[in-house]
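Presented below is the structure to which this report refers.
The values are calculated or read from the model by the stated rules, or taken from the named source; none is laboratory data. Given the structure is predicted, the values throughout are model-derived calculations rather than measurements. Note that each Cβ is placed from the backbone with ideal geometry, even for glycine, and that neighbours are counted across all protein chains shown.
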Amino acid sequence: MYIDNENFEKWMEKLSKKLTEIGQDLKSLINTDTVLDDNEKILDNQDLAFLLKVSFRTLQRYRVNKQLPYFTIGRKPIIGL
């Protein structure tokens with residue numbers, strides 16, 4: 001089965017537009033400039049445990065005791081510093 005040039009070009013244009021839309025959506029999702037201050041960073045459990053040289057359980061204890069502010073994305077705790 002052969003695809004003629006005209007149909008192929010239309011299909012490629014649609015694909016290109018869709019990929020551009022997806023790329024713009026991803027850029028807006030990753031753009032944290034509007035949410036975070038210039039000096040504010042976000043870390044997950046693994047990053048913070050490595051930096052503080054503590055266990056995951058210690059981080060959990062800090063969160064439970066409200067010593068460590070955090071928010072969740074899905075079920076994953078994210079720490080804002």
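Observations on the structure shown:
- Options ILE3, ILE30: the member that is β-branched (Val, Ile, Thr), at pLDDT below 85 and closer than 17 Å to GLY80 by Cα: ILE30
- Pairs linking a residue in the stretch 52-81 that is without any contact (Cβ under 8 Å) to a residue 24 or more places away in the chain to a residue that is hydrophobic (A, V, I, L, M, F, W, C) and part of a strand (DSSP E or B), with Cβ atoms under 7 Å and 6 or more positions apart or on different chains, are LEU68/ILE79; TYR70/ILE78; TYR70/ILE79; PHE71/ILE78; THR72/ILE78.
- Tally, over the stretch 40-81, of residues that are assigned to a helix (DSSP H, G or I) and of a type outside the set (Lys, Arg): 14
- Within this structure, ASP47 passes the test of being among the acidic types (Asp, Glu), surrounded by 10 or more Cβ atoms within 10 Å (Cβ to Cβ) and modelled with pLDDT of 80 or more.
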